[in-house]
1. Please give me the summed charge of the neighbours of HIS36: other residues whose Cβ is under 13 Å from its Cβ, Lys and Arg +1, Asp and Glu -1.
2. In whole percent, and with a 1.4 Å probe on the protein chains, what portion of the accessible area of segment 140-206 is carbon and sulfur?
3. About the Cα centre, and with charges only on the beta carbon of Lys, Arg (+1) and Asp, Glu (-1), how big is the dipole of the chain? Nearest 20 debye, please.
4. So what does log10 I(q)/I(0) come out to for the chain at q = 0.12, 0.17, 0.18 Å⁻¹, using the Debye formula with one equal point on every Cα and no solvent?
5. Quick one: compute the contact order of the chain, relative version, from alpha carbon pairs under 8 angstrom and 6+ residues apart, as a percent.
6. Which one, ALA184, ALA64, ALA144, projects farthest toward the positive side of the charge dipole computed for the chain from Cβ point charges (K/R +1, D/E -1)?
7. Treating the beta-carbon of each Lys and Arg as +1 and of each Asp and Glu as -1, no other charges, what is the dipole magnitude of segment 1-121 about its Cα centre, to the nearest 20 debye?
8. Starting from the 7 Å offset along Cα-to-Cβ, what nm value, one decimal, do you get for the label separation of VAL91 and THR77?
Amino acid sequence: MKKIDGFAEKYDMDVIADVQTTDLRLIAENTSDRIHVYSQHMDAIPVGRGMGTILPEAVKATGAVGVMLNHAEKKLTLEEIKATIARADEVGLATIVCADSVEEVAAVAKMGPNLIVAEPTDLIGTGQTSDANYVIQTIEQVRAINPDIMVLQGAGISNGQDVYNTIKLGAQATGSTSGIIKAADPYAMVEEMLYSLRKAWDELHK
């Protein structure tokens, strides 16, 4: 993660790292403010009983700054998403919420998370990115509901060109897991992706 921290500084951008619960404090204490450490999940429970669940106050105490919710591998109901966003707001954690369809993106946007990850579940890990219509439509849906919510486009991002294309379509961020982990040189791929994001962003905001 320290190498990624260096890339973030080099290209003058912030990077969100979705970290498993047991590593939150380790990453948070050993990276700069350029790395925004988020928990991969959190439960909407109050202080008290809750064996085996993840308490919002405990996530906050690790030094993490936010939480990801409703990933395809950890789906929540809309009611659970709403309740967990409320708890995150209560303890001062930012929220990223994953959403699959255009309809789910719109439903989540009405709950006011800080960032939405729009990604069709069936494209995750395939190397095939969302088509332009999906990217544009989900961004427009969110902006119409709450323009303060950032829109990240995920699913199938495998290289720098995918990142470049996605940002040029209007996404404010993008992300990747398998595209990095499966690369011959994962750190080189991270740098390629960050370079491409910087390039696309600068071209759009001249």
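1. -3
2. Using a 1.4 Å probe with all protein chains present, segment 140-206 comes out at 53 percent carbon and sulfur.
3. About 200 debye.
4. Evaluating at q = 0.12, 0.17, 0.18 Å⁻¹ gives log10 I(q)/I(0) of -0.60, -1.23, -1.36.
5. Details: 380 pairs, mean separation 29.8, N = 206.
The value is 14 percent.
6. Toward the positive end, the furthest listed residue is ALA64.
7. Here segment 1-121 has a charge dipole of around 240 debye.
8. 2.2
The values are calculated or read from the model by the stated rules, or taken from the named source; none is laboratory data. Values in this document were obtained by computation on a predicted structure and should not be read as measured data. In this analysis, Cβ positions are derived from the backbone assuming ideal geometry, glycine residues included, and neighbour counts consider all displayed protein chains. Note: accessible area is taken over every heavy atom of the protein model, side chains too, but ligands, DNA and RNA are not part of it. Shrake-Rupley method; radii C 1.70, N 1.55, O 1.52, S 1.80 Å.
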